[in-house]
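The values are calculated or read from the model by the stated rules, or taken from the named source; none is laboratory data. What you see is a predicted model; the values in this text were computed from it and never measured. Quick reminder, even Gly has a Cβ in these numbers, built from the backbone with ideal geometry, and neighbours come from all protein chains shown. Calculation scope for accessible area: heavy atoms of the full protein, side chains included, ligands and nucleic acids excluded. Shrake-Rupley method; radii C 1.70, N 1.55, O 1.52, S 1.80 Å.
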Amino acid sequence: MDLADTVITADAPHTQHAHGAYLRTRGAYYIAQVKANHPGLFDRVRHLPWREIRLDHHDRTRAHHRLEIRRLKTFAFAHLDFPDARQALQVVCWSKDFTSGKLTIERVYLITSLPSGTAAGAQLAAWIRGHWKIENLLHHVRDRTFREDDSKIHVGCLPRIMAGLRNLAIGVHRQDGHTNIAALRYTARDCRRSVTALGLAG
């Protein structure tokens, strides 16, 4: 696959030096979320003087009885301890649920190998929103339906294998035309249904 000049988005587990270096050697750019699993990098990005940095982009959406406001700021780096990282990003999301009246504020930090000025704030925001849409479709189901965070499997490569199996189950059910992932319960009641969904039985 030709990755030259493509932009790859990644969540925190993939914010690893080896992954960033690999993408850069393939000519791709990355936008990767930074969390506490990279404590040094997270602290440096989180403690930038964000209050003093100008706003690059903001948008407001209203849907599903909820108002969301997202604000994006960027900060250019001469050097950051991550392969070819050129900018840090802060996204602040305000979400107001009109049904419950609850207001939530979330701050998300990211790094990117895109040099300053390569992409406008609106384009960066669109890439990030696109990644979150995938997370909502996949990771939310893994967290809520499969209760992935409650898994007791933590040794070696087993968590990655289990995540792959969950992704396979979700993908097969969506390809089979199920929009409600709770249909997994129906399939689980009879092992022959799983074999049929995988195309292994007539």
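Ellipsoid fit via the Cα gyration tensor, the chain: semi-axes of 34, 23, 16 Å, each the root of five times an eigenvalue, largest first. Legend: calculated FRET efficiency, A36 to R192, from the Cβ-Cβ distance at R0 = 41 Å, rounded to 0.05, equals 0.40. A crude spin-label estimate for the pair H64 and A21, with each label 7 Å from Cα along the Cβ direction, gives 4.0 nm.
With the charge dipole of the stretch 48-202 set up from +1 on Lys and Arg Cβ and -1 on Asp and Glu Cβ about the Cα centre, the Cα lying farthest toward the positive end among the listed residues P83, G171, L67 is that of L67. Working note: 222 nm ellipticity from helices only, DSSP H runs with n ≥ 4, each -39,500 (n - 2.57), summed and divided by the residues of the chain, gives -11000 deg cm²/dmol to the nearest 500.
Each of T25, T112, G199 was scored by the projection of its Cα onto the charge dipole of the chain, and the greatest displacement toward the positive side belongs to G199; charges sit on the C-beta of Lys, Arg, Asp and Glu. Heavy-atom accessible area with a 1.4 Å probe sorts H131, H79, largest first, into H79, H131. With a 1.4 Å probe rolled over the protein heavy atoms of all chains, the accessible area of D84, D190 falls in the order D84, D190, largest first.
For the set R142, R24, R107, the ranking by accessible area, highest first and with no ligand, DNA or RNA atoms included, is R107, R24, R142 under a 1.4 Å probe. Between I161 and D11, the contour length at 0.36 nm per residue exceeds the Cα-Cα span by 52.3 nm. Remark: the chain carries 64 Å² of accessible area per residue (probe radius 1.4 Å; ligands, DNA and RNA excluded). With one equal scatterer per alpha carbon and no solvent term, the Debye-computed log10 I(q)/I(0) for the stretch 1-72 at 0.11, 0.15, 0.16, 0.20 1/Å reads -0.43, -0.75, -0.82, -1.00. Protein heavy-atom surface of the chain, 1.4 angstrom probe: 54% of the accessible area is carbon and sulfur, with nucleic acids and ligands not counted.
Dipole check for the chain: with +1 at the C-beta of Lys and Arg, -1 at the C-beta of Asp and Glu, and the Cα centre as origin, the magnitude is about 540 Debye.
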